[in-house]
Amino acid sequence: MTDVVVVGCGVAGCAAAATAIELGFDVTVYEAGSAGPLPSALRSPDLNRAAEAPDWWWPDPYPAGRGLGGGSAVNGMIVQQPPLMDEMLWWAWNGFDPVASEPGPMARRVIEVAGARRDTAVEPVWLSVRDGFRQTAADVWLNAHPNLSVQSGVTVSASDVQAWSSAGRRVLLAAGAHRSPELVGLEPRPARDHRSAVVGFTVPADLRSSGDRPAGTALIRLGDVQILVLEHTDSTREWGALIVSAMVDQSHSTLLADGIRAAIELLDDFGVAGTVRDEPAPVAHACCTLTGIDTGVPVVDAATLPELPSVNPMLTVAAHARRETWRLLHS
């Protein structure tokens, strides 16, 4: 059977490769970054420690993972169901088989205060963690298989893509919302993302957590605003943060500002002062840079999502990659 080339070994690439193998194809995955074992900082369930592994990030302003697992090796590990689940989403959910994070003292206090408000809903944070360690998309879907070859440390060019296609190989691009457009020689649309801000605070001494445990342990929803509770943002456990995100594409609305005010009010309700930090929020959910564009060579990653997800997108991206791969290869 004609073989399949997958470019990119992030969430989409891993899901696409697994689907192609399931359909009986020989698959070669090309990844620009490392295929070596994850450093201990990235195996930690504490998302803050990802900054300790700079070699696993692309060296550009937009944060993106570079290596086996892609973004799932460096992100917040959050696996979140969209409002409507379908077969492909359940496939991705069952693959990740996430675990609910247990709130620590600070998060429990925030949950208590938020739960007393009529306009809020509190939900646990489901994490791609297994036995206390980060689980990447590569751990889930890129297991050793006689039909699979992974080539790491290879930077693929647009000319490589064209050569493979001309030679009759089926090529699936999963290099990410910012890099897949380069591989098809197209000008990308402006990326859609969740506008976010950081409300920082000093964690009261009696509410500080300890040990190598998840930092993000609770989600609070206020309509179209989502607040992620980070119980700590550094090794001292002295500082925490509420990550406020507008989960709909309303770049010119007051939604984010309203969410920031609500976050500060939540903290104020139990005597903690919140301050908006002058720094980028640790949210990188860029998508839709090629939506509705004829790319020639198929792109199966976040670049071609039909719309901005209303939740953290890791699950949605995996399901999208499987759906597109199945559509393209299944006969």
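Pairs linking a residue in the range 191-211 that is polar (S, T, N, Q) to a residue that is assigned to a helix (DSSP H, G or I), with Cβ atoms under 7 Å and 6 or more positions apart or on different chains, are Ser209/Pro105; Ser209/Met106. Take the residues of the range 1-48 that are in a helix (DSSP H, G or I) and without any contact (Cβ under 8 Å) to a residue 12 or more places away in the chain: which is surrounded by the fewest Cβ atoms within 10 Å (Cβ to Cβ)? Looking at the filtered set, the residue picked out is Ser40. If Arg322 meets every condition in (1) touching a Phe, Trp or Tyr at 6+ places or on another chain (Cβ under 7 Å); (2) surrounded by fewer than 19 Cβ atoms within 10 Å (Cβ to Cβ); (3) basic (Lys, Arg) apart from one, which number is that one? Exception for Arg322: condition (2). Would you confirm, using the coordinates I've provided, whether Ala241 is more than 16 Å from Gly271 (Cα to Cα), touching a residue at least 40 places away in the same chain (Cβ under 8 Å) and of a type in the set (A, V, I, L, M)? Considered against the rule, which asks whether it is more than 16 Å from Gly271 (Cα to Cα), touching a residue at least 40 places away in the same chain (Cβ under 8 Å) and of a type in the set (A, V, I, L, M), Ala241 comes out as no. Flag not set for Pro298, criterion: within 23 Å of Leu127 (Cα to Cα) and either surrounded by fewer than 24 Cβ atoms within 10 Å (Cβ to Cβ) or without any contact (Cβ under 8 Å) to a residue 12 or more places away in the chain (or both). Scanning the range 127-157 for residues that are within 17 Å of Gly13 (Cβ to Cβ) and over 25 Å from the mean Cα position of the chain (by Cα) returns His145, Asn147.
Conditions tested, residue by residue: (1) under 30 Å from Val272 (Cβ atoms); (2) outside the structural domain of Phe201 (by TED's automatic domain parsing); (3) in contact with an Asp or Glu (Cβ under 6 Å, 6 or more places away or on another chain).
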position	(1), (2), (3)
Gly104	yes, no, yes
Glu112	yes, no, no
Arg117	yes, no, no
Asn143	no, yes, no
Ser159	no, yes, no
Leu172	no, yes, no
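Here Ile260 meets each of (1) outside the structural domain of Pro61 (by TED's automatic domain parsing); (2) in contact with a strand residue (DSSP E or B) (Cβ under 6 Å, 6 or more places away or on another chain); (3) assigned to a loop (DSSP other than H, G, I, E, B) with one exception, condition (3). Going by the structure shown, is Gly292 buried (at least 19 other Cβ atoms within 10 Å of the Cβ) and among the small types (Gly, Ala, Ser)? No. Among the residues making up the range 73-93, those that are out of contact with any Pro (no Cβ under 8 Å at 6 or more places or on another chain) and either of a type in the set (Lys, Arg) or over 17 Å from Ala281 (Cβ atoms) (or both) are Ala73, Gln81, Pro83, Leu84, Met85, Asp86, Glu87, Met88, Trp90, Trp91, Ala92, Trp93.
Yes or no: Ala286 in contact (Cβ under 8 Å) with a residue 40 or more places away in the chain, under 29 Å from Gln162 (Cβ atoms) and in contact with a His (Cβ under 9 Å, 6 or more places away or on another chain)? Working first, answer last.
Working: in contact (Cβ under 8 Å) with a residue 40 or more places away in the chain: yes; under 29 Å from Gln162 (Cβ atoms): yes; in contact with a His (Cβ under 9 Å, 6 or more places away or on another chain): yes.
Spelling it out, Ala286 is indeed in contact (Cβ under 8 Å) with a residue 40 or more places away in the chain, under 29 Å from Gln162 (Cβ atoms) and in contact with a His (Cβ under 9 Å, 6 or more places away or on another chain).
I'd like to check something: does the range 237-246 contain any residue that is farther than 14 Å from Val199 by Cβ, of a type outside the set (A, V, I, L, M, F, W, C) and surrounded by fewer than 18 Cβ atoms within 10 Å (Cβ to Cβ)? Yes; the residues of the range 237-246 include at least one that is farther than 14 Å from Val199 by Cβ, of a type outside the set (A, V, I, L, M, F, W, C) and surrounded by fewer than 18 Cβ atoms within 10 Å (Cβ to Cβ). Across the range 74-96, which residue is surrounded by the most Cβ atoms within 10 Å (Cβ to Cβ) among those that are part of a loop (DSSP other than H, G, I, E, B) and without any contact (Cβ under 8 Å) to a residue 24 or more places away in the chain? Here the answer is Met85.
Screening Pro45 against (1) more than 18 Å from Arg169 (Cβ to Cβ); (2) at pLDDT below 95; (3) not aliphatic (A, V, I, L, M) leaves a single unmet condition, (2).
Do the conditions hold for Gly259, that is, is it small (Gly, Ala, Ser) and buried (at least 23 other Cβ atoms within 10 Å of the Cβ)?
Details: small (Gly, Ala, Ser): yes; buried (at least 23 other Cβ atoms within 10 Å of the Cβ): yes.
In short, yes.
Looking only at the range 118-133, filter to residues that are part of a loop (DSSP other than H, G, I, E, B) and free of Cβ contacts under 8 Å to residues at least 60 places away in the same chain; which one of those is farthest from Asp97 (Cα to Cα)? In this case the residue turns out to be Arg118. When you scan the range 237-283, how many residues do you find that are among the aromatic types (Phe, Trp, Tyr) and touching a His at 6+ places or on another chain (Cβ under 8 Å)? The total comes to 1.
The values are calculated or read from the model by the stated rules, or taken from the named source; none is laboratory data. Values in this document were obtained by computation on a predicted structure and should not be read as measured data. Reconstructed Cβ throughout: ideal geometry from the backbone, glycine too, with neighbour counts over all protein chains shown.
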